[in-house]
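Each remark here refers to the structure printed beneath this line.
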Amino acid sequence: MSAAFTVDVCSRCGYAAYPPRILCPACGGAEWRRRRADSGMVEEVTVRRPVFKRRQLPWGNWLDQSETWLGSVRTDLGPVVVARVPESVKPGDRVRLHSQASTTIALPGHLAEATSFAPDGAPDAAAHDSAGRG
């Protein structure tokens, strides 16, 4: 099941935070509301290349590893989200964002699955309540 990608916005000053915070860094407020962050612009793209193309799992099966394309997407509300993107996405592209469990989608024109990462290791915003706490 998928859902819209959301960020927390301070009820007092309107500061948009991702990952969610307990207190607003701009005004110190503790009241947050959820806002959809449907789209944004890709600022950077990088490729993570595995050291080994294949690796053996503990139970004996082999896992083929491929390159992982990651993009920094500045949402229209302001916060930057790091999302898994396809090879066709490049800096300057407008993309739509969408969440599915712990994934964020960032593709031009349509939706596709991608994993999101928070800078401080916190889980995706959909896993937090509206007060910004997990």
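The values are calculated or read from the model by the stated rules, or taken from the named source; none is laboratory data. The model shown is predicted, which means the values in this text are computed figures rather than measured ones. No Cβ is skipped: glycine too gets one built from the backbone with ideal geometry, and neighbour counts run over all protein chains shown.
Only a single criterion out of (1) surrounded by fewer than 12 Cβ atoms within 10 Å (Cβ to Cβ); (2) in contact (Cβ under 8 Å) with a residue 24 or more places away in the chain is not satisfied by V47, namely (2).
Once region 7-51 is narrowed to residues that are of a type in the set (D, E, K, R) and farther than 21 Å from V95 by Cα, the residue that is nearest to the chain's Cα centre (by Cα) is R21. Residues that are not hydrophobic (A, V, I, L, M, F, W, C) number at least 3 in the following strands (runs of 3 or more DSSP E) confined to region 20-76: 32-36, 39-48, 54-56, 68-75.
Of the residues screened, A126 is one that is over 9 Å from the mean Cα position of the chain (by Cα), at pLDDT below 60, under 25 Å from V9 (Cβ atoms) and outside any loop (DSSP other than H, G, I, E, B). When region 1-19 is filtered for residues that are within 17 Å of V82 (Cα to Cα) and assigned to a loop (DSSP other than H, G, I, E, B), the ones remaining, listed by number, are F5, Y18, P19.
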